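Some notes on the structure that comes next.
What follows is calculated from the coordinates using simple rules that are stated; it is not laboratory data. These numbers come from a predicted model, not from an experiment. Ideal geometry is used to build each Cβ from the backbone, glycine not excepted, and the neighbour counts take in all protein chains shown.
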Amino acid sequence: MRRILKRARHTFGTTVTLANNVPLQDVSVMLGHASTRMTQHYARRTAQKFAAL
């Protein structure tokens with residue numbers, strides 16, 4: 001069950017918010033991150049994903 005929740009959070013963080021240019025700090029708050037470091041990780045992965053397409 002935890003894996004499903006983690007995947008859902010990641011999907012929300014990447015496809016719904018970061019891919020639609022929602023500010024990084026706002027995404028970080030929505031995901032409940034203590035800092036923007038993890039959100040920055042999602043942003044890098046999203047950029048790499050779209051660059052590969």
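Data overview
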read-out	value
Difference of contour (0.36 nm per residue) and Cα-Cα distance, residue 48 to residue 34	2.7 nm
Mean projected area (nm²) of the alpha-carbon convex hull when region 2-48 is viewed from all directions	3.0
Rough spin-label spacing in nm, given labels placed 7 Å along Cα→Cβ, for residue 8 and residue 26	2.3
Most mobile listed residue (34, 19, 43) in the chain, GNM with C-alpha springs under 10 Å	34
The chain: calculated mean residue ellipticity at 222 nm from DSSP helix runs of at least 4, using -39500 (n - 2.57)	-19500 deg cm²/dmol
